Amino acid sequence: MSELFDMQRVAELGNTILRWLAANVFVLDNAAQLAIVLVALGVAVLASRWVPKTLPQPVQLAPLATLLNALRPLAQTLIWLALTWLALLVARAAHRPSHLIEIAVSLLTAWIAIRILSLAAPSARWARLMTWAVWWVAALSILGLLDPTIAMLDSVALETPRLRVSIYTVIKSALVLAVLLTLASSLTRTLGARIRTSRTLSASAQVLFTKSVRATLVALAVVIGIHTLGIDLTAIAVVVSALGLGAGFGLQKVISNIVSGVVLLLDQSIRPGDVISVSGTYGWVTALGGRYVSVVTRDGVEHLIPNETLISERVENWTHTNSHTRLKIPVRVAYETDVHRAIDLCVQAACGTERVLAEPECRCLLVGFGDNGLDLEVRIWIGDAHNGVQNVKSAVLLRIWDRFREEGIRVPFPQRDVTVRGAPDLPPPPPPPPRSDAGFP
């Protein structure tokens, strides 16, 4: 313990530290490098003030402008990194020490990569994972331990005659796959937003393109990740083909629904917003899925109808090519009614109802002589079937009922007249047999 607090040993240790600092830290080259980094920071701060807060978005350069606007908060750091990179290239060309500048470049690159990946990450968990990975790589690179660490991880491997998988390749593949899936998700959201704003594509085509882009990008990311692992893609293709053949027999219905969904998207026979009636279900199409179509009824119940049903069965699409829909409303009046006057009243009541179109015009026809009265049929047109059909019929019938009561027109109801004709006199029935009190033997 006395040796630990020996003043001579403490002084020697302090002198050693000072000599190391004087030889490695407090030197002119290091001071110059630090000054270069600080000057680059000052220039970046001044230059970032001239960057506009929002860049214009011309139609032909809208994607580029959107990307630049997203990188606007990183303008100062990007300018600092560019100036530091330029200083590093000049120092290397002049064969001057550049260790501190390299450290600054590594830290700035790691910081920018973390910010960009955090913005594109689909969740906070992915953002934290990628942040830790980038910082570890940057720290190992600054300390000069990146190459030895890679060599150590690559030495622990599982080898076969045709495959070698090490810890390093697994980690690298996982990181590559995570980054590619993140980029695929971000690109899908961006392209999906752009596709949805297109006026030349229908709603079904927009859904098809968005899903196709997402599936393609995800598949490409998985293939690249597997290739990074060192697995032969030819063998995987053979295995996938065999599995696909077996799945084709076991998942016929699922595959049929998927193919039917693609057909619906291509021929545009069913689109989001259409009013359809199929298999006794009447409602609005809210979404086209890979396996089913979502139809919401007036009751608020969402029916998931398989795509195969819409292909194989009869479907009534009320808004496929024309939003105008004709409704037929039966009306019955008594036989003693002035039919011509009743027809005029029905037409007047129907034309005065809200949501009934003036063109094509309303009509009322005598369609039959019923058992209890004259059968009329009111024919009207509406242009918003998605707002309901029965409510329009109810409104028309109420107006017709009011007009009939004003004019004294009677709506008949079933009546039956029973006529009992006289029957011939019949002899009185015989008296009942005497009742025995003896009971059963």
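Results, tabulated for the structure shown:
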quantity: Computed E for V156/W50 - FRET, C-beta separation, R0 56 angstrom, nearest 0.05; calculated: 0.60
quantity: Computed label-point distance, nm, for sites T197 and L28 using a 7 Å Cα→Cβ extension; calculated: 5.7 nm
quantity: Surrounding net charge for W85, when Lys and Arg each add one and Asp and Glu each subtract one, Cβ distance under 15 Å; calculated: 0
quantity: Cα-based Rg and Dmax for the stretch 287-441, where Dmax is the largest Cα-Cα distance (Å); calculated: 28.2, 91
quantity: 13 Å beta-carbon shell around A178, net charge (K/R +1, D/E -1); calculated: +3
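FYI, it's all coordinate maths here, none of it is from the lab. Keep in mind the model is a prediction, meaning the values are calculated, not measured. A quick note on method: Cβ atoms are made from the backbone with ideal geometry, for glycine too, and the neighbour counts reach across all protein chains shown.
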